[in-house]
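Reading through the structure tokens given below for one structure.
The values are calculated or read from the model by the stated rules, or taken from the named source; none is laboratory data. Every value quoted in this text rests on a predicted model; they were computed, and no experiment measured them. Please note: Cβ atoms are built from the backbone with ideal geometry, for glycine as well, and neighbour counts cover all protein chains shown.
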Amino acid sequence: MPNWACGNVEVTGKRDGVIAFVNRFLDIHGKTGKEPDTRFFARSFLDDDRESVINDVTLQTEGDPENAVATVVFPASFAWSAYSCVIDGYPQHNPDCITLTEACQQDHVSVHIQTEEPGIFFEEDIFADEHGNLTNSSQDLRTARCCNCGSTQGVASFVDIDDLECYECGSVDLELIEEE
């Protein structure tokens, strides 16, 4: 079983493009929401119900013209890393898979992906615009210590430490450890 990079995917574009992009993700059963011959993201899974995510897009654009712009944010999980699933790695080894750059160009959407992978202790920040222009960075997670039991855990830079609880004891009294 691989480690999982988990986080949020934010997609902005016209209604049909956003829905097409969401449909490129696998569900918990390994199925996409697209036709069988449409390419999908390798080892990239929706962590929400597909219909719920699509309903969010539909509600945002309800009553608007066909070219209404929507933004949807949904949780997703990537085997090992988002980078290896949607940029370079798995997509190049499977002709049924698509890269983030290609999907953004085809679906005319911009995408922001932020993940954290506490097993290998890194976070990712990926952005691609509707033309497929891509920026990608990764860094080590910050370290937080529980003031109650003393255990440590990784925390992504985009996560508010006040929203976390200790993995060991459940305390919400965590403090960031300064880098030495």
For E178, state whether it is touching a residue at least 60 places away in the same chain (Cβ under 8 Å) and over 20 Å from E117 (Cβ atoms).
no
Within region 53-71, is there a residue that is modelled with pLDDT under 95, farther than 20 Å from I87 by Cα and among the hydroxyl-bearing types (S, T, Y)?
yes
From the list E124, E102, which one is assigned to a strand (DSSP E or B), in the same structural domain as A42 (by TED's automatic domain parsing) and of a type in the set (D, E)?
E124
Qualifying residues in region 129-142 (those that are assigned to a strand (DSSP E or B) and farther than 12 Å from Y83 by Cα) - the one farthest from the chain's Cα centre (by Cα)
R142
Only unsatisfied item for Q153, checking (1) in contact with a helix residue (DSSP H, G or I) (Cβ under 8 Å, 6 or more places away or on another chain); (2) more than 14 Å from G7 (Cα to Cα), is (1)
Any residue at all in region 75-93 that's over 17 Å from the mean Cα position of the chain (by Cα) and of a type outside the set (S, T, Y)?
yes
Given the structure, is V11 in the same structural domain as Y83 (by TED's automatic domain parsing), part of a helix (DSSP H, G or I) and in contact (Cβ under 8 Å) with a residue 40 or more places away in the chain?
no
Looking only at region 77-94, count how many residues are in a strand (DSSP E or B) and either without any contact (Cβ under 8 Å) to a residue 60 or more places away in the chain or farther than 19 Å from T135 by Cα (or both).
2
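One line per residue, one yes/no per condition, for (1) within 13 Å of the chain's Cα centre (by Cα); (2) in a loop (DSSP other than H, G, I, E, B); (3) of a type outside the set (A, V, I, L, M); (4) over 20 Å from D125 (Cβ atoms):
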{"position": "I28", "(1), (2), (3), (4)": "no, yes, no, yes"}
{"position": "G33", "(1), (2), (3), (4)": "no, yes, yes, yes"}
{"position": "D37", "(1), (2), (3), (4)": "no, yes, yes, yes"}
{"position": "S52", "(1), (2), (3), (4)": "no, no, yes, yes"}
{"position": "L59", "(1), (2), (3), (4)": "no, no, no, yes"}
{"position": "N67", "(1), (2), (3), (4)": "no, yes, yes, yes"}
{"position": "T71", "(1), (2), (3), (4)": "no, no, yes, no"}
Please specify each residue of region 155-173 satisfying the condition of being touching a residue at least 24 places away in the same chain (Cβ under 8 Å), out of contact with any Lys or Arg (no Cβ under 7 Å at 6 or more places or on another chain) and either under 23 Å from I126 (Cα atoms) or among the hydrophobic types (A, V, I, L, M, F, W, C) (or both).
A156, F158, V159
